[in-house]
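These notes are about the structure you will find just below.
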Amino acid sequence: MHPTATPQVLLPSPFVAKDKLGPFRMRRLLVVLIYFALAVAPGELGPLTRSLMVDAYVQVASFVAATLMLFYGAERIFKFDIGDALRNAKGFQVPLASLLGATPGCGGAVVVVAAYSSGNVGFGAVVAALTATMGDAAFLLIATRPDAAMVVLPLSLTVGVLTGWIIDALKIGGAVSESSAQCELAPLIGRTRAKDYLYLAIAIPGLVIGISQLAQVDLEAVYGNFMHWVGLTGILVGLLVWSTSNLQAMTNAKDSPFTRMAEETSFITVWVIGAYLAFDYIVAYAGLDLKAMFNSVGVLLPMVGILIGFIPGCGPQVLVSTFYINGLIPFSALVGNAISNDGDALFPAIALNPKVAMMATLYSAFPAILLAYLFHFFAPGFMN
């Protein structure tokens with residue numbers, strides 16, 4: 001994002017101090033071992049965990065990989081830098097960030113988070129992108145309810161722009177990240193590795209399976225065990241990439257699109273797996289019945305959708321869209337969830353700057369509440 005920067009001089013100490021790399025990787029290895037233990041656990045826990053890992057890969061990781069390849073590949077082919085473009089956009093920075101966020105999937109919003117961590121965009125742009133994004137739930141809505149998607153996505157884009165402009169006008173959150181060097185000065189990997197190509201090779205069939213699922217194809221009938229092998233292999237390779245990496249979250253802009261895609265998707269996927277497991281373990285073992293909860297809260301239904309939007313990751317948000325598609329919740333709850341949810345982009349934001357991530361999420365709640373209850377009270381039957 002700043003090609004003239006000198007990483008050798010300015011690299012943060014966690015990336016250059018060899019005594020810190022050991023504990024850094026050991027913590028990641030511990031996470032990998034915990035995931036492995038859960039995946040091979042006896043009884044119902046092991047099969048449930050493996051199923052959730054497959055879902056995490058085909059529903060989220062493959063789409064994140066595709067969108068990141070799209071953005072980073074376009075940068076390389078057309079020889080431009082998205083971070084620089086956003087920084088030089090001036091008055092158009094917030095609309096461009098919101099447009100990136102509104103792109104189906106989480107890749108665009110992840111790029112804006114990276115640009116903020118590099119000092120290329122202001123806090124208003126981050127809020128705009130996270131407000132506009134619907135994450136991977138957008139793919140599901142486009143595939144099954146394109147009429148609703150034609151309303152929700154432009155609405156989220158517009159709300160993102162307005163919210164970002166208000167944030168910047170009120171000078172909330174400061175102009176740039178206090179830890180901008182962490183992303184911009186990430187260590188240069190330099191070469192495209194075999195594991196980067198391997199990750200891409202698995203992501204391609206993973207994306208095909210993910211698209212098939214959005215099209216409501218019977219995956220077991222069409223793909224059978226191949227789907228499970230693709231998902232679990234993709235998770236395994238991603239954990240390998242992540243556990244052997246020296247990066248905190250984001251990559252160096254000079255690295256190849258393949259390397260950047262593999263590294264950043266792997267990082268996000270580790271968080272996604274955790275979110276999937278935590279959410280579904282609660283549903284499976286704590287007896288949480290979301291359908292009954294939605295049907296019983298009445299006027300609080302839009303607020304429930306908004307609160308679920310605060311959960312990091314795309315899994316819960318895909319679930320909300322599924323409830324809407326099946327006629328279990330009204331359009332107002334879908335709108336509230338679409339505006340309040342930050343998708344997988346919240347994961348790198350939490351890693352790089354937890355305070356900013358929390359602030360951005362909270363600020364997106366205000367337009368989510370306003371729009372959700374406008375639809376709830378004044379257009380209760382709209383798009384239902």
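Please treat every number below as a calculation from the coordinates, not as lab data. Here the structure is a predicted model, which means the values were calculated and not measured. When we count neighbours, we look across all protein chains shown, and the Cβ atoms used for this are built from the backbone with ideal geometry, even at glycine.
Estimated translational diffusion coefficient (Stokes-Einstein, Kirkwood radius over Cα pairs, 10 °C, 1.306 mPa s) of the stretch 97-152: 140 µm² per second.
Can you work out the PRE-style zone for L374? Point 7 Å along Cα to Cβ, and I want the residues of the stretch 154-169 with backbone N under 14 Å. What the label zone holds, given the 14 Å backbone N cut-off, is 154-163. With a Förster radius of 51 Å applied to the C-beta separation of A37 and F78, the computed FRET efficiency comes to 0.70. Scaling the Cα radius of gyration of the stretch 217-269 by the globular reference 2.2 N^0.38 Å produces a ratio of 1.42. In the chain, the DSSP-assigned H stretches of four residues or longer account for a calculated mean residue ellipticity at 222 nm of -22500 deg cm²/dmol, using -39500 (n - 2.57) per stretch and the full residue count as denominator.
Taking 7 Å steps out from each Cα toward its Cβ at A89 and T322 produces label points 3.3 nm apart.
Annotation: amide H-H contacts under 5 Å for G135 (H modelled 1.01 Å from N, sequence separation of 5 or more, or interchain): G105.
Distance between the C-alpha centres of the stretch 316-370 and the stretch 195-209: 28 Å, rounded to the whole angstrom.
Counting other beta carbons within 10 Å of each residue's own, what order do D344, D84, D55 fall into, fewest first? Before the final figure, lay out the partial values.
On the way: D344 31, D84 17, D55 20.
Ordered from fewest to most neighbouring Cβ atoms within 10 Å, D344, D84, D55 come out as D84, D55, D344.
Shape annotation for the stretch 30-83: C-alpha extents along the principal axes are 52, 23, 14 Å, from largest to smallest. Looking at the chain, the pairs of alpha carbons with a distance over 34 Å make up 25% of the total. Distance between the 7 Å Cα→Cβ label points at T233 and T192: 2.0 nm.
How would F92, F378 line up from fewest to most surrounding beta-carbon atoms within 10 angstrom?
Fewest-to-most Cβ neighbours within 10 Å comes out as F378, F92.
Label positions at N384 and I282, each projected 7 Å from the Cα along the C-beta direction, are separated by 2.7 nm.
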